[in-house]
There are 2 protein chains.
Amino acid sequence: MKHLFIYTLVLVSFSGFAQMTGFTPTNQAKQEKLEAAFKTQQSSERFKKHLTTMCSVPHTAGTPENEKVRDYIAETMRKAGLQVEVFPHDIYMPKGPGEISVELVQPIRQPLNNREYILQEDKYSGHPLITPGWNAYSGSGDVTAEVVYANYGRKEDFEQLKAMGVSVQGKIVLARYGGNFRGYKAKHAQAAGAAGVIIYTDPADNGYTKGITFPEGSQSSDFTIQRGSLLTVDFTGDPLTPFEPALPLDGPKKVKRSDVKDVDLHKIPVTPLPWGSAVEILKRMTGKGVPAGWQGGLPLAYRLEGGSELKVRLNVKQEKGFVRTYQIVGTLTGSEFPDEWVISGCHYDAWSFGATDPNSGTAMLLTLSESLGEMAKQGQRPKRTLKICHWDVEEYGVIGSTEWAEQLRDELSTKAVAYMNYDAAVSGKIFGASSSPSLKKLLIEATKTVQYPDSNNSTVYQHWIGQKGPRNGSTANIGGSAPVAVADEPTIGNLGGGSDHIAFYMHLGIPSLGGGTGGPTLYHSQYDDLFFYEKFVDPTYKMGPMVEQVVGTLSLRLANADVLPFDVVRYATDLNTHLQTVEKAIKAYKPDFTVNNLLASVADLKKNAEAYEATIKTQLATDKLDKTKAAALNKELRNLEKSFLDPKGMAYGAWYRSLYASSDPYSGYASWMLPAYMYEASLKSSANLPDLEARHQKAIKTLNDKILAMSQQLVPANGTGSLGGGKN
Amino acid sequence: MKHLFIYTLVLVSFSGFAQMTGFTPTNQAKQEKLEAAFKTQQSSERFKKHLTTMCSVPHTAGTPENEKVRDYIAETMRKAGLQVEVFPHDIYMPKGPGEISVELVQPIRQPLNNREYILQEDKYSGHPLITPGWNAYSGSGDVTAEVVYANYGRKEDFEQLKAMGVSVQGKIVLARYGGNFRGYKAKHAQAAGAAGVIIYTDPADNGYTKGITFPEGSQSSDFTIQRGSLLTVDFTGDPLTPFEPALPLDGPKKVKRSDVKDVDLHKIPVTPLPWGSAVEILKRMTGKGVPAGWQGGLPLAYRLEGGSELKVRLNVKQEKGFVRTYQIVGTLTGSEFPDEWVISGCHYDAWSFGATDPNSGTAMLLTLSESLGEMAKQGQRPKRTLKICHWDVEEYGVIGSTEWAEQLRDELSTKAVAYMNYDAAVSGKIFGASSSPSLKKLLIEATKTVQYPDSNNSTVYQHWIGQKGPRNGSTANIGGSAPVAVADEPTIGNLGGGSDHIAFYMHLGIPSLGGGTGGPTLYHSQYDDLFFYEKFVDPTYKMGPMVEQVVGTLSLRLANADVLPFDVVRYATDLNTHLQTVEKAIKAYKPDFTVNNLLASVADLKKNAEAYEATIKTQLATDKLDKTKAAALNKELRNLEKSFLDPKGMAYGAWYRSLYASSDPYSGYASWMLPAYMYEASLKSSANLPDLEARHQKAIKTLNDKILAMSQQLVPANGTGSLGGGKN
């Protein structure tokens, strides 16, 4: 589902890097040669072939069409020379859109359209397998009721309705997309007693107010519908198996599953509409005008209530049950460190054709498999193991990747170097990325080595730093953590919710990043197809190879570095900012609160991290490190991020175990940095502050101890061979 | 036409004033008694009667209906005991809307509606004398052409069109209301070669995006039309007689008139449309999408060009000629100082019924005539002369008041104490005011003595200071002078363009203010009628009496003060801020520019003004001032504002003679403080800066010298009688 790459302005000053982070001079020279060879491998034609093959039909999770995409992916990676494993999981999920209808009952009877148009110019638009608009994990029900307009259906919108004396009890709530994860619109509405929810795309947020509409332009039309999941349980993944993998029901190993009736799934019917249908309701409303900020872009004064003369019927019958899904993992086993895994991933299930979301990422990863497979065949196998993963059933709630991560929990905990998520990674011309602290420097270094197409020799990095602000909007308006502004660095976001990095990063403590290109999109509509892609995203298919070069460079550096190229100082830099954000948020209601103790520990951490980095830099530059020490260091480096794992997890969901980062529990989209504190602040509570300080101190101390231990490792030893084999 | 009370956040700290500014203790006691008596005179019934009598029919300038309003005003003031004079002026102006039509020619033929709807609930809405929408001083022409959308039709919009390669040569320009004075839309379009201009009200600026529309709500509907003048000559008033009064052609004194062909009147046809008609054009446009900020509120993506398939016909035949107009002046001659004039005014011509604009102000002034007349009959005649003026033909370009001011130039220059403009002064529930510096303190003192209706005994002042920001929008977006923020003072605006204070303030240098209440309005539409007034403005007619009390208090204090209650320190305070604004504007292109020399003079001015104020305050409090000295002081006080009159006038129009304040020559609406500098800055020119500094230095020095001379007058003398007759 990929949504909202959530950015933080983190601009770190760093000077030119003659030295490639993590490499001895000799190995840097080899790596440079290897990367040069890698960059001759890309092909727009192969990228286009993969994309067009996978996106010729709609392929939602659980359908035969998605199994064909699965087989194509597996076959392509196999042909490329990767070992391919397919991991089946049985997920409790919708078996499709089911039965859906929305109609006016009073003052006139009129069915409301919930399907997109068949357009002459878009040959994909009439495909018989295209579904009506629908929301996964809707409740089932058939209700006829008055309507209440609830703006974005955010927590604060329902609070404001209540304060204005407008009850949604027994009413159908009409809420517009935007401002939060759609599942929370349903959750808040149900909590307030609503009988059902209609979620529509308002032209103030997407559509003619932003530019010319589809198909002439790339903006939402009156007939485009945003599909999407509503799942809002307090963990990520299959709703019946938190913490555990949803192994096949008929497999050898049985997993304990929750009883469906004990799981907090939505009970009321919920469905999306295009504004061409929503306006039929809105224009017949007769209640009081809306408060400031609630007016949308339709040509009428928005009102809070429909009044008793206006009745709408909403009928949803959505069958759920166990559906077999498949995670596909291609492996290129490392020549020297097979048990150190550099993991990339993107889901392959789509809401319709999935041209940008997700399969531009899928196609890019397939070409990467081919490029790296080809090099391996020529004897240029990476030192560490590369895993290229294609996830199923992401669109219904980031499920496939989560089940796989839970299944391989123990192995991942010792072996994973990093997880890199490339959901919809080639969706436009604008490069952007989000990252955990330790990978930010690597990201910057990699983008400095790749050319941006048709740009007169400028690099992806130069293009990136030329972009202003977040790619997909800021999280400020949905309560995300404040940006960290550092000079001379492109905007690098904080990882929020909404894609397959969640389990790796927020549950297992594996350093993660997400990146790629963005641009115009008809998000989760049937028009995310190849017609749109070739007209508005990239007619020449040059962006796929470009992104592959960035992704390949990142993978190969992580795979071949003598010492993992993690920026350990960055933990301190970013923590400093995030702690100040927390202090500000809590001071607002508890003026004597400070994070001074934690800042002091971070200052100490920073000093030690800088000492470590200075030493390792010198030792690598002079090739003074031996293999044993390097291996020990790399083991410790793989463990750094886990310093933030906390056994209690978050108060809003114990599955979220990272004290460093989480999606937020209110919008589901915002990135919360130091989320345990952010949650406390959101409740204006002080009760847990002493406990939180202790837990965060412990995490910082653990990280600090690990870094001190690494520095200890670096005390010069005699006699052992160098890493690079160089002479220096 | 009253538009945009333009505010500056000027918040001056002043403590409680046991002492009434300008009065000895004895006379203060008398004045307090007098004001208490005055405040028993108001009557909602009389206010309502005057308003409903005048607003029962449309009465544009030059029509028999407007002559009936004239006669009603004159008769009412006569009955109240005022001497009434009627000053005829022959103005070169439109003889009515003439012939107007707009139609689609291609791709379909369709006439476009340019009349407002007749509504069941609004009994005024079907009056046979209601005109179609029209713009005074349009050119005449019948053109059929392609269309170009020019956003607000501002200088920068036409520049942007040119930069985007869009030519308006031979095209019909479609521009939305807002952002500038409508006449400049036509002027810029004509300069760029356009064949005609259609100006429409966009719902992004007025209409459903702001709330529920008329007649259910008070926002513009798809059928409301803003009428208005287009006159943009480089002076104010009758276009053929700058500097001179447009005396009757058949009168004894002949005035030299310009030849019409030498006057820069618009040549191309221009007419307004409601958005219900404009959308028929906009939705058929096929060109490129608009840049950021140009999208309006209609449900379509706005485009720059209509393309060759879309042709619109615009036909305007507007006859112009000499029309007799009438300025009505009621006088209550002062008992002690008949040659010192305290002037109030409001126009009486209206675009249709004129319930709020202007006749709420007219009705309020008529009740004031009655209240003061009644008191005079009872022996409580003001010491200075009060003149209550009712201006004709303001709506076509602030013409009647200007001709009168030019006619009485010499007398006004010696006799006028202040001009107070009350155009549309009772248009809602929100009090606001704009003022020249010396009257700000008086304005605040007066509002502290008047109760705000139904408010649990709070004063107008308390209500006013509780309002945040400008009443009718800020001028920031149309290039006005930056606000001066001072603590503990309500928002007091700078006087800009758009009403009858212009000649008094900007041409003759008479201290001026404008004030009253505002609220919802269907500006210049036929629905500014009594139905609207009673539904949305003031159903109980309580605001008229309230405003009358403020206006009466201001008038009576100016009329009866021993020493004119001008705040002379405020010149320095405000100059300081305005000079800094100028410095910032010029520094942007000339970094070494400073206003330090002028600031030094202002500092000196401030010191001297403070010394004067301290002395006068003491001498009044102790009743040490004699009548001769007071008369000399008052003469000097009447001259202070004229220190800013500059014989060269402004570079953009020599008629604008005040170096202190002007409307701006680009939008016509914004208030420019230190306008000669603002104009220089707008051209990014440095050539005239030395000359400007010299001229401003001279003005400040003149003001300073006058204040020093006043202080000199205050050197204690012996023997003469006190002002108040008190014993102390």
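The values are calculated or read from the model by the stated rules, or taken from the named source; none is laboratory data. Just so you know, these numbers come straight off a predicted model, no measurement behind them. All Cβ positions, glycine included, derive from the backbone under ideal geometry; neighbour counts span all protein chains shown.
Of the residues in the range A:539-556, how many are outside any loop (DSSP other than H, G, I, E, B) and either touching a Pro at 6+ places or on another chain (Cβ under 6 Å) or free of Cβ contacts under 8 Å to residues at least 12 places away in the same chain (or both)?
Here is the first cut: in the range A:539-556, the ones outside any loop (DSSP other than H, G, I, E, B) are A:543-556.
Filter once more, so that each one left must be either touching a Pro at 6+ places or on another chain (Cβ under 6 Å) or free of Cβ contacts under 8 Å to residues at least 12 places away in the same chain (or both): A:546.
Of the residues in the range A:539-556, 1 are outside any loop (DSSP other than H, G, I, E, B) and either touching a Pro at 6+ places or on another chain (Cβ under 6 Å) or free of Cβ contacts under 8 Å to residues at least 12 places away in the same chain (or both).
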Name the residue, out of A:GLU309, A:GLU319, that is away from every other protein chain (no Cβ under 14 Å), charged (D, E, K, R), under 32 Å from the mean Cα position of the chain (by Cα) and surrounded by fewer than 20 Cβ atoms within 10 Å (Cβ to Cβ). A:GLU319
Within the range A:578-600, how many residues turn out to be within 31 Å of the chain's Cα centre (by Cα), surrounded by 15 or more Cβ atoms within 10 Å (Cβ to Cβ) and of a type outside the set (Val, Ile, Thr)? 6
Pick from the range B:265-306 the residues that are away from chain A (no Cβ under 14 Å) and part of a strand (DSSP E or B): which of them is nearest to A:PRO203 (Cα to Cα)? B:LEU273
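Of the residues B:LYS648, B:LYS642, only one is under 30 Å from B:LYS155 (Cα atoms) and modelled with pLDDT of 95 or more; which? Spell out the reasoning first.
Working: B:LYS642 fails: under 30 Å from B:LYS155 (Cα atoms).
Just one listed residue meets the conditions, B:LYS648.
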Residues in the range B:539-552: is at least one surrounded by fewer than 24 Cβ atoms within 10 Å (Cβ to Cβ), more than 23 Å from B:TYR419 (Cβ to Cβ) and of a type in the set (Lys, Arg)? yes
Please specify each residue of the range B:625-641 satisfying the condition of being surrounded by fewer than 19 Cβ atoms within 10 Å (Cβ to Cβ) and in contact with a helix residue (DSSP H, G or I) (Cβ under 8 Å, 6 or more places away or on another chain). B:ALA632, B:GLU636, B:ASN639
Counting only residues that are outside any loop (DSSP other than H, G, I, E, B), more than 10 Å from every other protein chain (Cβ to nearest Cβ) and touching a Phe, Trp or Tyr at 6+ places or on another chain (Cβ under 7 Å), how many does the range A:199-240 have? 3
In the set A:PRO272, A:PRO291, the lone residue that is under 25 Å from A:LYS155 (Cα atoms), crowded, with 19+ Cβ neighbours inside 10 Å and not aliphatic (A, V, I, L, M) is A:PRO272
Could you say whether any residue in the range A:622-641 is under 24 Å from A:GLY668 (Cα atoms) and in contact (Cβ under 8 Å) with a residue 12 or more places away in the chain? yes
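Residue by residue, here is whether (1) closer than 23 Å to A:VAL417 by Cα; (2) of a type in the set (S, T, N, Q) holds:
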position: A:GLY321; (1), (2): no, no
position: A:PHE353; (1), (2): no, no
position: A:SER371; (1), (2): yes, yes
position: A:LYS387; (1), (2): yes, no
Can you give me the number of residues within the range A:29-47 that are of a type in the set (S, T, N, Q) and without any contact (Cβ under 8 Å) to a residue 12 or more places away in the chain? 1
Scan the range A:102-109 and give yes if some residue there is surrounded by 19 or more Cβ atoms within 10 Å (Cβ to Cβ) and within 30 Å of the chain's Cα centre (by Cα), otherwise no. no
Among the numbered criteria (1) crowded, with 19+ Cβ neighbours inside 10 Å; (2) touching a helix residue (DSSP H, G or I) at 6+ places or on another chain (Cβ under 8 Å), which single criterion is violated by A:MET93? (2)
Selection from the range A:483-520 of residues that are modelled with pLDDT of 95 or more and of a type in the set (Val, Ile, Thr): A:ILE502, A:ILE510, A:THR517
If you check B:ALA603 against the conditions, is it out of contact with any Ser or Thr (no Cβ under 7 Å at 6 or more places or on another chain), closer than 21 Å to B:ALA709 by Cα and surrounded by fewer than 22 Cβ atoms within 10 Å (Cβ to Cβ)? yes
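When the residues of the range A:510-538 are narrowed to those that are outside any helix (DSSP H, G or I) and aliphatic (A, V, I, L, M), which ends up surrounded by the most Cβ atoms within 10 Å (Cβ to Cβ)?
Step one: filter the range A:510-538 for residues outside any helix (DSSP H, G or I), giving A:510-529, A:538.
Restricting the remaining residues to those that are aliphatic (A, V, I, L, M) gives A:510, A:513, A:522.
Working: A:ILE510: 25, A:LEU513: 24, A:LEU522: 27.
Within the range A:510-538, the match that is surrounded by the most Cβ atoms within 10 Å (Cβ to Cβ) is A:LEU522.
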Criterion first (assigned to a helix (DSSP H, G or I) and surrounded by 24 or more Cβ atoms within 10 Å (Cβ to Cβ)) does B:TYR656 satisfy it? no
Flag if B:VAL270 is in contact with a helix residue (DSSP H, G or I) (Cβ under 8 Å, 6 or more places away or on another chain) and within 22 Å of B:TRP134 (Cβ to Cβ): yes
